1. Per residue and in cubic angstrom, what volume does the convex hull of the Cα atoms of the stretch 124-169 have?
2. Hey, how much of the P(r) for the chain falls beyond 31 Å, as a percent of Cα pairs?
3. If packing is taken as the mean number of other Cβ atoms within 10 Å per residue, what is the order of 153-162, 190-199, 79-88, highest first?
4. Read phi for every residue in the stretch 153-158 and hand back ³J(HN,Hα) as whole Hz from Karplus 6.51 cos²θ - 1.76 cosθ + 1.60, θ = phi - 60°, with x for Gly and Pro.
5. Provide, as a two-decimal number, the C-alpha radius of gyration of the stretch 1-106 over 2.2 N^0.38 Å, N being how many residues it has.
6. What's the angle, to the nearest 10 degrees (0 to 90), between helix 54-67's Cα axis and the longest principal axis of the chain?
7. Of the heavy-atom accessible surface of the chain (probe 1.4 angstrom), what whole percent is carbon and sulfur?
8. Tell me, what is the percent relative contact order of the chain, built from C-alpha pairs under 8 Å that lie six or more residues apart?
Amino acid sequence: MANSSGTIAAEPAPITLDWSKTALVIIDMQRDFMEPGGFGETLGNDVSQLARAVQPIATVLAAVRDAGLLVVHTREGHLPDLSDAPPAKVERGAPSLRIGDPGPMGRILIRGEAGHDIIPELYPLESEIVIDKPGKGAFYATEFGDILQKYGIENLLVCGVTTEVCVNTTVREANDRGYRCVVISDGCASYFPEFHEMGLKMIKAQGGIFGWVTDSAAVLEALAA
Ligand code: C5J
């Protein structure tokens, strides 16, 4: 790790992070959300809206790997017997396919199926941590909190999909646990551009009530400084 800390241009204010206590957290960049035929599309969403986050995340991921920061990927999904899938989640709405139904990329949102996997552009290295989560937040019913503690992490650079659902839920959970969350705006995306905008605004409003918002260029600049 070249420099021990760096200052990221962010809103509502710049933030200085000790890189040795900072992890990159990439939320749910899975085929089930990103590609036609997956969970996101079964809900009626235009999955092409999420593609814009891939390149910014890939750039930050490469820089963070070079800098030696901890990298954590998350995946939303359920056990094949659906024992961790609440009926309220499985039964709601009128999707074209429900969680667990067979689809073109295997069973929808089920661990081990092709659709549940992370997209090739952002595929985790063997050395990186992958958290499987049944809910929207990365802390609920996972080992995420224990892992962050084990590595002495205090700051999270957060990106992924979708901005207002799993990114926001995880940031809120992390904020309550005392983590400084810096959300990478162009590394997040939503099926609804207006929810993306508002999701970011909610994080940085009121003096950064849930955290900070930056972009990929600012993270690269801080890492290189
Ligand atoms: C959703 C997620 N949108 N990863 N999950 O259901 O944001």
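The values are calculated or read from the model by the stated rules, or taken from the named source; none is laboratory data. Treat the numbers as computed from the prediction; the structure is a model and nothing was measured. Please note: Cβ atoms are built from the backbone with ideal geometry, for glycine as well, and neighbour counts cover all protein chains shown. What goes into the accessible areas is simple: the full protein's heavy atoms, side chains included, and nothing from ligands, DNA or RNA. Shrake-Rupley method; radii C 1.70, N 1.55, O 1.52, S 1.80 Å.
1. About 91 Å³ per residue, rounded to a whole number.
2. 16 percent
3. On the way: 153-162: 24.7, 190-199: 17.2, 79-88: 12.3.
Answer by packing, highest mean first, reads 153-162, 190-199, 79-88.
4. After applying 6.51 cos²θ - 1.76 cosθ + 1.60, I find 7, 10, 10, 10, 8, 10 Hz.
5. With N residues counted in the stretch 1-106, Rg over 2.2 N^0.38 Å equals 1.40.
6. For helix 54-67, the angle is close to 50 degrees.
7. Details: 5160 of 9750 Å².
Carbon and sulfur atoms account for 53 percent of the accessible area of the chain.
8. Relative CO of the chain lands at 28 percent.
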